Amino acid sequence: MRKFLVVLDDSRECLNAMRFAAMRAAHTGAGVTILSVIPPEEFNHWIGVGAVMREEARERIHAHFEVFAKWMRDKQNVDPELVIREGQPVDEIIGQIKRDPSIGVLVLGAGTGRKGPGPLVTQMSKNAGSLPIPITIVPGDLSKEKLEAIT
């Protein structure tokens, strides 16, 4: 089964990327993989403190995932899988794409502020030519109605 890969982070635009991936998956009979990446700089503390922080980050990710997963299951009839990786976000996204050949599309949300689409969209766009799959960039300010119309 083909899957949409969507990145779970703390950005506002992540919400529209999740919605888009779930709606497209529901309409095409595909699956959704939600990837959350914990950057290594979050744990550059003493070993004991780093371990506690790592566990807290994982708990926070699971809590956010459950909110999205419940909506996907209840409203879109899609049962997403969660993958948590530690490392640099771009490297881990590319690594996940290479590790899972069923991933067919990477879905990213674009920021709407003056700073541009966001660092992840900017960095992944630079790698787009060498990726084995297309990237779909979802504007962060699209309404639910517009998302439903285009999916």
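Bear in mind these aren't lab numbers, they're just calculated from the coordinates by the rules spelled out. Predicted, not measured: the structure shown is a model, and the values here were computed from it.
At a glance:
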| item | result |
| --- | --- |
| Reachable aspartates and glutamates, given that their alpha-carbon falls under 19 Å from the alpha-carbon of LYS115 and they are not under 8 places away in the same chain | ASP9, ASP10, GLU13, ASP141 |
| Span-like helix ranges in the chain, DSSP H, alpha carbon extent 18 angstrom or more, Kyte mean at least -0.5 | 14-28, 47-71 |
| Derived scalar couplings ³J(HN,Hα) [the stretch 29-37; Karplus, 6.51 cos²θ - 1.76 cosθ + 1.60; whole Hz; x for Gly, Pro] | x, 9, x, 10, 10, 9, 10, 10, 10 |
| Long-range HN-HN contacts of GLY31 with modeled amide H, under 5 Å | ARG2, LYS3, PHE4 |
| GNM top mover of ALA69, ALA26, ALA51 - the chain, alpha-carbon springs below 10 Å | ALA51 |
| Three-way shape label, the stretch 55-98, alpha-carbon gyration tensor, a/c 1.5 | oblate |
| Residue of VAL67, VAL90, VAL107 that the Gaussian network model of the chain assigns the largest fluctuation, springs spanning Cα pairs under 10 Å | VAL67 |
| Chain lengthening between GLU59 and LYS115 when straightened (0.36 nm per residue, less Cα-Cα) | 17.2 nm |
| Dmax and Rg, reported as Rg then Dmax, of the stretch 84-151 (C-alpha, Å) | 13.2, 36 |
| Hits among lysines - C-alpha to C-alpha of LYS75 under 20 Å, sequence gap 8 or more where chains match | LYS3, LYS144, LYS146 |
